[in-house]
Every structure is written in structure tokens, then in C-alpha cells.
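Colleague: Take a look at this one; I'll ask things after.
Values quoted throughout were computed directly from the atomic coordinates according to the rules given, and no laboratory measurement underlies them. Please read all numbers here as calculations on a predicted model, not as lab measurements. Don't worry about glycine lacking a Cβ; one is built from the backbone with ideal geometry, like all the others, and counts go over all protein chains shown.
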């Protein structure tokens, strides 16, 4: 019998979550998938759900439009595929296989940690997560986690900076440890968190590290690549990262994409942070050919694409909480507004929960009973400074930007 998760918990294949368009199931592949397995997963999403597949900011796959009857069938179909989907505490590692830039085998350590956590049978809050950043080419700095390990060179050796409760900028460093002691230290910290109660998170144990915190500073922000683009692999091949516009695509388009990648030599695919899919290995010419076809299918092929500067949740009608059609509005913004630069420029949230981007953004559009609330330099939870009808939003934003430019040049 399928259990249904309520909001505030994390959905899974076994316990999907209710949304506006049915149930949503989430899985985090722990390793690259064969293209045949990925195609099978997409076909299962189309057969048992509504055919919409998402890649989350953390690199999880989400399948929408399930029912209490179809959800177990989806889980059974995926179980029959060659896909390593852990259901325990998420342990996120470098997504790029055969990465020559990696300082350590972060995926090997992540697998060791998953086994140790499962064997210890620790009861933790649903959203507790661990990041193992092996220093690879793809940037993991934006991923928030209860426990972060970041590989750093220390002389001729590699060590880990151990930090708690945040992303690379906000997590609190508490120790520098050897790679050999990492698994035991992480397990001990998880047990310490669990001892504080079933809803405890890493922030709840930070007072125990007051002395260590005072003597350590966060590592500087890395200058690594985002997942979208071409990435060198060992042996001279390339990995190709393609983004899903606003984090979602139709299963049929992803099946077509996988077959195109396969025709161009790719053997595997893996979801990656920042709502992307990595394919490889490929030659340079094959990567160019795949990009050309991916663009035709609506995928994001360049890191400079305006759609990457807008974060949008599903909104109405896909989410029962949504008061505006967030992704439709985001697509209209990307078509009509020039958004140069890097990072999130606009967050479009269907409601005040701000699930897709809890942090402040330069501009947040939030669904309210009065239409689109406009928040400058804040989050979806902040009170809007003004409101606009969804049909008039682009004109309102253009007026807002013109006023800002006039104020700068005044």
C-alpha cells in the first residue's frame, strides 16, 4: 500500500506527496544510469504519471501526476531498471564521472556513508542531508546540507573541511579531518543530531562546537563550473550538461534527448544540481551535434541562457498551494527580458512558501490573493511592495526597471 507524504516531509517512490496535479515521487540516483534505464524511467513516468519529469536544484528526479493506484506501479517499474536509488538520508556527491579535477573519489565515500547510515538505523528528520564535495569541476557550493565535507589540498595530501548547517558560504566550519576518518565523523554527527529529537537538524547541535567555530573560517567560494556546458573527462572525452528549463520537461522530450545522446556516443546520464542532466562520454563534435538537437527540444544548452537566471516552482495548477502559474510567467519573462550575468535574478513563486528558492532574490514574484506580489531584494515570505495582475506583469516589471535605471543615472 502506498503511503502519501504530507507537506513538510520529503516525497519518495514509496511515499509520494500530494500536489495539485496528483502525487509527486522523488528519487536521487546515486550513480550514473545507462541510457536504456533512463529511457525506461521516462517511459514509466509517462505510463503511470502525467509525463512531467523535473530535476530539482539538488539533482533529484521528480515524477508528477501519479495516483494512489499508479504510484506503486511506477515504483515497481523503476525497481526493475538498473537504477541505484537510495531511499535513506540523501548523501550528495560530485555528479560528473571520471572527473580529472576531483581531489578524491567522493562517490565512493558517499556510498560508504549510505551503507553506514542504513546499518546504524538512525532516526533523523526527513530533510537531513549530507554533501560530499570532492573538489570536482562542477560547483556544489550552493547546496545546503546539515553536514558538508569539502576536499581541500593540505600539502601533499587531501583533507576534508567539515562544516555544519548551510551551503558553502553559510555552513559553520568545525574541523579539518583526514579522508580516512570522514565516515566515522559524519556518522557520529548524525547520531548527535538524532539524539536531539526526531525533528532536529544540524543547527541544533552547533552550540556544542563553540570553541571550534571561533578558530575556523569558511573556505572561499570556488570558481568552478555550473552543470550546464561541456566538461572534460579522463581520457580526453567530454561530459555534456543540459539544463531543464525551470527544472521540468516532458518525458517524451527526454526520451528523444537520450536517444540523440546515445547516437552521439553517450553511454550514461546522471541528474546534476541546478536542474540539469549530464551525458557522456562524447567527442567534441558529438557534443555540438547533441546540443543542437537539445536546443530544438527546448533544453538549456548554454550557461548564459536567460532561463537559468529565473527560478520558478510549478505554481498553479500543478501545485495545490499555487496562486499564479509560476512557470508560465517565468517563461514569458525569459522571452521578454534581458537577464545578463550569473546567479538568480528573479524568483517566481506560486505562493508565499517559496519552495523553489527559500533565500532572498533581487526580485521575487509571489502569488497572492491580490495577484502577483512584487518583492525587491527579499524572499517569497516577505511583504510585497506592490502588486500586479499576471497579464500586466511584464509591463510592470519593465516600468520598475526603467525607474531603477533613471534613479541610478539621476
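Colleague: Compute the length gained on full extension between residue 67 and residue 101: take 0.36 nm times their separation in residues and subtract their Cα-Cα distance, giving the result in nm to one decimal. Before the final figure, lay out the partial values.
Modeller: Values: separation 34, 0.36 × 34 = 12.24 nm, distance 4.30 nm.
Length gained, residue 67 through residue 101: 7.9 nm.
Colleague: Quick check: from the Cα gyration tensor, does the chain come out rounded (a/c under 1.5), prolate or oblate? Don't jump to the answer; show the numbers that get you there.
Modeller: Details: a/c = 1.31, a/b = 1.16, b/c = 1.13.
Since a/c stays below 1.5, the shape of the chain is classed as rounded.
Colleague: Rounded to the nearest 0.05, what FRET efficiency do residue 292 and residue 342 have when you use their Cβ-Cβ distance and R0 = 25 Å? Mind showing how you got there, number by number?
Modeller: On the way: r = 24 Å, r/R0 = 0.98.
Efficiency, rounded to the nearest 0.05: 0.55.
Colleague: Determine, from the Cβ-Cβ distance of residue 191 and residue 303 and an R0 of 30 Å, the FRET efficiency 1/(1 + (r/R0)^6), rounded to the nearest 0.05.
Modeller: Between residue 191 and residue 303 the formula returns 0.15.
Colleague: Further question: Order of 130-137, 295-302, 332-339 by packing, highest average Cβ count within 10 Å first?
Modeller: Values: 130-137: 24.2, 295-302: 17.2, 332-339: 15.1.
Averaged packing, sorted descending, gives the order 130-137, 295-302, 332-339.
Colleague: Summing -39500 (n - 2.57) over the DSSP H runs of n ≥ 4 in the chain and dividing by its residue number, what mean residue ellipticity at 222 nm do you reach, to the nearest 500 deg cm²/dmol?
Modeller: On the way: 9 runs with 112 residues, N = 410.
Calculated from helices alone, the mean residue ellipticity at 222 nm is -8500 deg cm²/dmol.
Colleague: Going by average Cβ neighbours within 10 Å, how do the peptides 105-115, 85-95 rank, with the highest at the top? Before the final figure, lay out each step's value.
Modeller: Working: 105-115: 19.1, 85-95: 21.5.
Ranked from most to least packed, the peptides come out as 85-95, 105-115.
Colleague: To continue, here is another question. Residue 355 to residue 369: extension gain in nm, 0.36 nm per residue of separation minus the Cα-Cα distance? Could the numbers behind the result be given before it?
Modeller: On the way: separation 14, 0.36 × 14 = 5.04 nm, distance 1.81 nm.
3.2 nm is the gain from fully extending residue 355 to residue 369.
Colleague: Say each of residue 234 and residue 154 gets a label point 7 Å from the Cα, pointing the same way as Cα to Cβ; how far apart are those two points in nm?
Modeller: Result: 2.4 nm between the two label points.
Colleague: Under a plain spin-label model, where a point goes 7 Å from the Cα along Cα-to-Cβ, how far apart in nm are residue 224 and residue 115?
Modeller: So the label points at residue 224 and residue 115 sit 2.4 nm apart.
Colleague: Follow-up. Just to be sure I understand the model, the point goes 7 Å from the Cα along the line to the Cβ. What's the resulting residue 391 to residue 320 distance in nm?
Modeller: Output for this residue pair reads 3.0 nm.
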